[in-house]
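What follows is a set of notes on a single structure, which appears directly below.
The values are calculated or read from the model by the stated rules, or taken from the named source; none is laboratory data. Predicted model only: the values in this text are computed from it and were never measured. Methodologically, a virtual Cβ is constructed for each residue, glycine included, from the backbone with ideal geometry; neighbour enumeration extends over all protein chains shown.
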Amino acid sequence: MSMRTEYLRADAEAVRRAAEVIRAGGLVAFPTETVYGLGADALSAAAVTRIFEGKERPRGNPLIVHLAGIDALDDVAAQVPARVQDAALRFWPGPLTLVLPRGRAVPLMTTGGLETVAVRVPAHPVARALIHAASRAIAAPSANRSGRPSPTCAEHVREDLDGRIELLLDGGPTSVGVESTVLDMTSEPPTLLRPGGVTLEQLEDCLGEIRLLSSDDEEAASRSPGLRFRHYAPRAPILLIEAGTGERAVVSWLEAGKSVALMIQRATALERPHLTLKTMPADSAGYARELFGALRELDSRGVDAIFVEAIAEEGLGRTVMDRLRRAAS
Ligand code: TXA
Ligand code: MG
């Protein structure tokens with residue numbers, strides 16, 4: 001599979017061009033407020049098949065269907081429970097994905113064979129303009145090669161998918177930086193399948209009790225297929241360590257002649273040859289925004305290991321820690 005990928009700054013003309021590609025069954029990478037998505041016509045099994053091929057994604061891992069607004073839910077969901085309205089009114093457009101009973105129009109290829117469908121209304125103006133111009137629901141996983149960190153700028157998409165997709169709309173860096181929260185609305189209480197850009201605290205405030213699944217639980221794997229597959233696998237091992245222990249941890253590796261990176265939220269006086277320091281923002285929103293870019297950058301340095309200090313698990317910190325644990329496992 002090789003084609004020339006077209007790169008366009010995401011102006012109105014480029015969005016029109018991208019919409020034509022989607023309508024013709026092709027692949028377009030586009031910015032959302034979370035990460036870049038790799039989009040195709042969600043209701044075309046042939047178009048969606050190309051997404052799986054393009055990013056080498058395992059077939060059983062279902063895709064998120066992106067909609068123009070809450071009114072479009074009836075096109076893709078078999079039923080829309082009242083609580084879905086509450087969540088949608090509060091968080092859409094935005095980084096929340098809701099899992100609902102699958103509507104007949106949605107091919108099983110899109111849902112990875114499941115009788116449920118994941119949907120979200122993105123907030124990014126380019127994503128919204130593209131869905132409108134294509135007048136299609138757009139299936140889009142993150143626009144990375146399977147096993148790489150999600151892309152938060154156009155250059156990340158180019159690194160992973162050049163020559164494998166028709167078009168990339170460059171809308172600059174994304175603002176949230178981590179993927180959407182995935183919430184299963186077919187259970188009572190709703191089940192958190194993936195922490196993301198909307199925090200658990202915000203969900204509880206809107207919907208009351210939220211069920212949590214631990215990632216090693218068998219039921220979790222059957223309800224959230226994404227958990228079965230390896231994520232964010234960097235070339236260098238990532239070692240997640242307690243806050244405050246970074247200096248001690250890296251020094252023994254440096255003394256053994258290794259080159260290492262240290263991702264840390266606080267200031268440190270440590271300075272050594274063969275040590276790459278990456279100071280991350282002290283606030284969890286800033287940390288989330290820079291997380292995937294930092295992992296890509298440190299991994300490309302060819303270090304022997306990447307040490308990362310744990311951060312507080314509240315708000316977006318929970319999402320950051322989820323991604324760090326997956327990257328470290
Ligand atoms: O922010 C995001 O969600 C980005 C942007 C592009 O919208 N998309 C994204 O897609 O992160 P992806 O494919 O990388 O992650 C989708 C997650 C996977 O963990 C998948 O297993 C889960 O959503 N998912 C999709 N459909 C599902 C379903 N019917 N039931 C349970 N989980 C589902
Ligand atoms: Mg992904």
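Thr116 meets the stated requirement of being buried (at least 18 other Cβ atoms within 10 Å of the Cβ), within 9 Å of ligand 1 (Cβ to nearest atom), under 30 Å from Ala233 (Cα atoms) and among the polar types (S, T, N, Q).
Just for segment 94-111: of the residues that are part of a loop (DSSP other than H, G, I, E, B) and under 17 Å from the mean Cα position of the chain (by Cα), which one is farthest from ligand 2 (Cβ to nearest atom)? First the steps, then the outcome.
Pass one, segment 94-111, residues part of a loop (DSSP other than H, G, I, E, B): 94-95, 103-111.
Cutting the leftovers down to under 17 Å from the mean Cα position of the chain (by Cα) gives us 94-95, 110-111.
Working: Gly94: 18, Pro95: 13, Thr110: 15, Thr111: 16 Å.
Only one residue tops the list, namely Gly94.
Of all the residues that make up segment 172-193, how many are touching a strand residue (DSSP E or B) at 6+ places or on another chain (Cβ under 8 Å) and either without any contact (Cβ under 8 Å) to a residue 40 or more places away in the chain or closer than 16 Å to Ala140 by Cα (or both)?
Number of matching residues: 9.
Pairing each residue of segment 296-310 that is surrounded by fewer than 22 Cβ atoms within 10 Å (Cβ to Cβ) with any residue that is among the acidic types (Asp, Glu), provided the two are 6+ apart or on different chains, yields C-beta distances under 6 Å for Ala310/Glu242.
When you look at Val126, is it surrounded by fewer than 24 Cβ atoms within 10 Å (Cβ to Cβ), within 13 Å of ligand 1 (Cβ to nearest atom) and not small (Gly, Ala, Ser), yes or no?
Working: surrounded by fewer than 24 Cβ atoms within 10 Å (Cβ to Cβ): yes; within 13 Å of ligand 1 (Cβ to nearest atom): yes; not small (Gly, Ala, Ser): yes.
Judged against the criteria, Val126 is a match.
When the residues of segment 131-150 are filtered to those that are near ligand 1 (Cβ under 9 Å from one of its atoms) and in a loop (DSSP other than H, G, I, E, B), which remaining residue is surrounded by the most Cβ atoms within 10 Å (Cβ to Cβ)? Out of the qualifying residues, it is Ala143.
Residues checked against (1) closer than 20 Å to Glu33 by Cα; (2) crowded, with 24+ Cβ neighbours inside 10 Å; (3) near ligand 1 (Cβ under 10 Å from one of its atoms); (4) modelled with pLDDT under 95:
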site: Asp74; (1), (2), (3), (4): no, no, no, no
site: Pro93; (1), (2), (3), (4): yes, no, no, no
site: Val99; (1), (2), (3), (4): yes, yes, yes, no
site: Pro107; (1), (2), (3), (4): no, no, no, no
site: Cys153; (1), (2), (3), (4): yes, no, no, no
site: Val157; (1), (2), (3), (4): yes, yes, no, no
site: Asp162; (1), (2), (3), (4): no, no, no, no
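Conditions (1) touching a strand residue (DSSP E or B) at 6+ places or on another chain (Cβ under 7 Å); (2) in a helix (DSSP H, G or I); (3) within 18 Å of Gly177 (Cβ to Cβ); (4) not β-branched (Val, Ile, Thr), marked per residue:
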| site | (1), (2), (3), (4) |
| --- | --- |
| Ala243 | yes, no, no, yes |
| Leu254 | yes, yes, no, yes |
| Gly257 | no, no, no, yes |
| Arg266 | no, no, no, yes |
| Glu297 | no, yes, yes, yes |
| Val308 | yes, no, yes, no |
| Arg323 | no, yes, yes, yes |
| Arg326 | no, yes, yes, yes |
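The single condition among (1) modelled with pLDDT of 95 or more; (2) within 16 Å of ligand 2 (Cβ to nearest atom) that Gly147 does not satisfy is (1). When segment 175-184 is limited to residues that are of a type outside the set (D, E, K, R) and surrounded by fewer than 24 Cβ atoms within 10 Å (Cβ to Cβ), the one that is nearest to ligand 1 (Cβ to nearest atom) turns out to be Val182. Check segment 18-30 and report whether any residue there is within 11 Å of ligand 1 (Cβ to nearest atom) and touching a strand residue (DSSP E or B) at 6+ places or on another chain (Cβ under 9 Å). Yes: one or more hits. Scanning segment 184-211 for residues that are within 19 Å of the chain's Cα centre (by Cα) and more than 23 Å from Tyr287 (Cα to Cα), which turns out farthest from ligand 2 (Cβ to nearest atom)? Restricting to residues being within 19 Å of the chain's Cα centre (by Cα) and more than 23 Å from Tyr287 (Cα to Cα), the top hit is Thr191.
Scanning for something within 25 Å of Arg318 (Cβ to Cβ) and not in a loop (DSSP other than H, G, I, E, B), does segment 163-180 turn up at least one residue?
Of segment 163-180, the ones within 25 Å of Arg318 (Cβ to Cβ) are 173-180.
Those left that are additionally not in a loop (DSSP other than H, G, I, E, B): none.
No, segment 163-180 contains no residue that is within 25 Å of Arg318 (Cβ to Cβ) and not in a loop (DSSP other than H, G, I, E, B).
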